[in-house]
Amino acid sequence: MEKQVLITVNSIMDDSSGESDSMCFVTEGILYKENDDYVISYKESEITGLDGTTTTLRVSKNSVTLTRHGNVDTTMFFEKGKTHLSDYNTKYGSVMLGITAKNVDVNLSESGGDIKVDYILEYNRSYGGRNRLYVSVSERKN
């Protein structure tokens, strides 16, 4: 069953020079269960720089898959201790991402919960920095 939810996304990015940048936003989206996975989907906005893109998180017990379609197309797979490669396509071009998840912590149910992912990002095989993604999902009250 699909539920309307509030999604809080907090992202902290430490670049290769040690500079830190963070972004936090709240948006509306949907949450539903598909087989043993939870699926969260929302439309990006101008705040994220990804206007015209839909982000979908497929969350299992030990991994998170982030898929974006629209002005940006990518699929990023987060699995603790493993590196996965992904194309990141924009209207300006494409870059190869390497994603190494240091930690993936999922506490999600049909009524919401939290996702925490701590990962190292590489751009075309060059160190891009450490990122931490925190997603909180709660049922929308009418």
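The values are calculated or read from the model by the stated rules, or taken from the named source; none is laboratory data. Predicted, not measured: the structure shown is a model, and the values here were computed from it. So basically every Cβ, Gly included, is an ideal-geometry build from the backbone, and we count neighbours across all protein chains shown.
In segment 110-142, what residues are surrounded by 15 or more Cβ atoms within 10 Å (Cβ to Cβ) and on the phi > 0 side of the Ramachandran plot?
Within segment 110-142, Gly112, Gly113, Gly129 qualify.
Residues of segment 78-112 being among the small types (Gly, Ala, Ser), within 20 Å of Tyr127 (Cα to Cα) and assigned to a strand (DSSP E or B), which ones?
Selection gives Ser86, Gly93, Ser94, Gly98, Ala101.
Could you tell me which of the residues Lys91, Lys102 is at pLDDT 95 or above, over 16 Å from Ser136 (Cα atoms), basic (Lys, Arg) and more than 13 Å from the chain's Cα centre (by Cα)?
Of Lys91, Lys102, the one residue that is at pLDDT 95 or above, over 16 Å from Ser136 (Cα atoms), basic (Lys, Arg) and more than 13 Å from the chain's Cα centre (by Cα) is Lys102.
Only one residue in Thr48, Thr75, Thr67 is of a type in the set (S, T, N, Q) and closer than 22 Å to Glu2 by Cα. Which one?
Step by step, each of Thr48, Thr75, Thr67 is checked, and only Thr67 is of a type in the set (S, T, N, Q) and closer than 22 Å to Glu2 by Cα.
Find the residue count for segment 89-108, including only residues that are small (Gly, Ala, Ser), loosely packed, with under 14 Cβ neighbours inside 10 Å and under 17 Å from Asn131 (Cα atoms).
0
Filter segment 114-127 down to residues that are in contact (Cβ under 8 Å) with a residue 40 or more places away in the chain and farther than 17 Å from Tyr88 by Cα, then give me how many there are.
Selection size over segment 114-127: 2.
Go through segment 43-71 and give me each residue that's small (Gly, Ala, Ser), surrounded by fewer than 17 Cβ atoms within 10 Å (Cβ to Cβ) and farther than 17 Å from Lys91 by Cα.
Ser60 - this is the single residue of segment 43-71 that is small (Gly, Ala, Ser), surrounded by fewer than 17 Cβ atoms within 10 Å (Cβ to Cβ) and farther than 17 Å from Lys91 by Cα.
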